[in-house]
Amino acid sequence: MQQTRGRFSSRLGFVLAAAGSAVGLGNIWGFPTQAASNGGAAFLLVYLALAFCLAYPVLMTELVIGRYARGNPITALTAVSSNALSRVLAPVIGGFGVVVASLILSFYCIVGGWMMSHFLAELFGLLGMTGVAVWLETFSLSRSLLFTALFMLLTIRIISQGVESGIERWSTRLMPLLLTMLVLLTLYVITMDGAMEGLRVYLIPDFSIALSPSLIIKALGSAFFSLSLGVGTMLIYGSYIDDSESLPKLGTQVTIIDISIAVLAGFLILPAMYVALHNGVEIFSENGSLISEDTLIFTVLPALFDKIGLAGGVVGTFFFMLMSIAALTSSISMLEVPVATAVEKSSLQRNVASYAVGGAILLVSITIIMNFEQLFGAVIAFTTRYSQPLLGMLICIYVAWVWNRGEVLQQLQKGSPDIETSTFWRIWPAYIKYVCPLVILIIFVQSF
Ligand code: PHE
């Protein structure tokens, strides 16, 4: 099996693919809107602290275990199991990760589809085809079904092409484009009237809100979601890294890119909201709080783009293209989890597995669309708020408590021969053994 497994062809290939997975709607939409309604810079600080102190160490556990086992989450957890109990639980935990990754993809495709339809709406609007544009930007069942399927199809096509010519090729094409658009859009929006008020909200901390337990669990879920943790994505991407690479270095680079883009997106979204307010678009609900996150992106921003005429159309087109790209480089990393597992656990060809698994997940998406009120929010909360941190904690336990410490060190020494004397090795093992599981558990229990 070793020969037939894919590999990233270069360090940059991995970093862009993993950053592509990490940077998604969570960064560009979730983080800024949550920061806006939850204490601005105070939320930012809590988020940064959790990302570096909890998410980064957990990311490292996934990369190490993945590269060691060179396999899917079920194989990987089994490979490091040292006793009967851990061997029995490994497929259950790994399998649960695969299911959660698939469920995340099922709602993510719906939102990715909305982004794509808004992108086309702005584009057709620019071309003067208002009729089509209005259909594309109006919420309807037919539109959701059509664009969810289209978005899933794109995801499947890329994944069916494999690691190097699918995931890596598309991530290295799309990520630089994403970053360029994000920077240009931010520079443009920040010069508009009203933008300063948004910056003020983003940068002045209100600790009275940001330190509440419910907010910390939100920020934790956010950080885990943003770094694609707990569901085997990073574990599988780690299994495609060459032995000559230093894992702590790669992990740091991915974390820094992910966090920087979330912070940068805040400099776009918050000013844009207040520019909208300045232009007469309402952004507060009756009780004085910010309107909900989806209304913000799909109502406020399009209304703003409409109000600023031709320039608005251009900005709108680029904005939703940016969102669609961010969503796509993440959705491929979610589909890779069940597809790689299916290929490795059965005799299915990658191509067939991609369409079969992607098709099955699309059916789940359709079920969610048809029962939107009951299912959409519930699936998001179940997967991102609870399952991801819990699974992250279990992977920590496998690496720190179940796996043999000598083997962990050996794996890390590949690509970083001096690791044993580094600060990383002095802190990380004890850290993932005691601090991470305990803190995740406390935050988790508090949230009930
Ligand atoms: N990290 C992605 C985002 O921020 C979401 C994601 C979660 C991707 C889990 C893969 C696995 O949008």
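Every read-out reported here was derived from the displayed coordinates using simple, explicitly stated rules and does not represent laboratory data. Everything numeric in this text was worked out from a predicted model, so none of it was measured. When we count neighbours, we look across all protein chains shown, and the Cβ atoms used for this are built from the backbone with ideal geometry, even at glycine.
Details
- Whole-angstrom gap from segment 137-156 to segment 35-86, using each part's C-alpha centre: 31
- FRET efficiency estimate (nearest 0.05) - Cβ-Cβ, Q446 to T130, R0 56 angstrom: 0.65
- The eigenvalues of the Cα gyration tensor, multiplied by 5 and square-rooted, give segment 68-164 an equivalent ellipsoid with semi-axes of 42, 14, 8 Å from largest to smallest.
- Extension gain from K345 to N83, taking 0.36 nm per residue of separation minus the Cα-Cα distance: 92.1 nm
- Across the alpha-carbon atoms of segment 60-120, the computed radius of gyration and Dmax are 16.2, 54 angstrom.
- Over 17 Å [Cα-Cα, segment 321-405], rounded percent: 68
- For the chain, lysine pairs with C-alpha atoms less than 25 angstrom apart, excluding pairs fewer than eight positions apart on the same chain, total 4.
- Shape category assigned to segment 1-112 from the gyration tensor of Cα positions, a/c cut at 1.5: prolate
- Net charge of the neighbourhood of V98, taken over other residues with C-beta under 15 Å away and scored Lys/Arg +1, Asp/Glu -1, is -2.
- Using a Gaussian network model of the chain in which every pair of alpha carbons under 10 angstrom is joined by a spring, one finds that among D193, D258, D418 the greatest mean-square fluctuation is at D418.
- Whether segment 305-448 is rounded, prolate or oblate, judged on the alpha carbon gyration tensor where a/c under 1.5 counts as rounded: prolate
- Taking a ≥ b ≥ c as the square roots of the Cα gyration tensor eigenvalues, segment 96-234 comes out oblate, since a/c reaches at least 1.5 and a/b does not exceed b/c.
- When the Gaussian network model of the chain links Cα atoms closer than 10 Å, the mean-square fluctuations of A272, A49, A430 top out at A430.
- In order through segment 348-364: 3J(HN,Hα) via Karplus (6.51 cos²θ - 1.76 cosθ + 1.60), integer Hz, x for Gly, Pro: 5, 6, 4, 4, 5, 4, 4, 5, 5, 5, x, x, 5, 5, 4, 4, 5
- Label point of S422 set 7 angstrom out along Cα-Cβ; within segment 395-413, amide nitrogens under 15 Å from it belong to 408-413.
- The share of alpha-carbon pairs in the chain lying farther apart than 42 Å comes to 12%.
- Per-residue HN-Hα couplings for segment 7-15 [Karplus 6.51, -1.76, 1.60; θ = phi - 60°; Hz; x = Gly/Pro]: 9, 6, 7, 8, 4, 4, x, 5, 4
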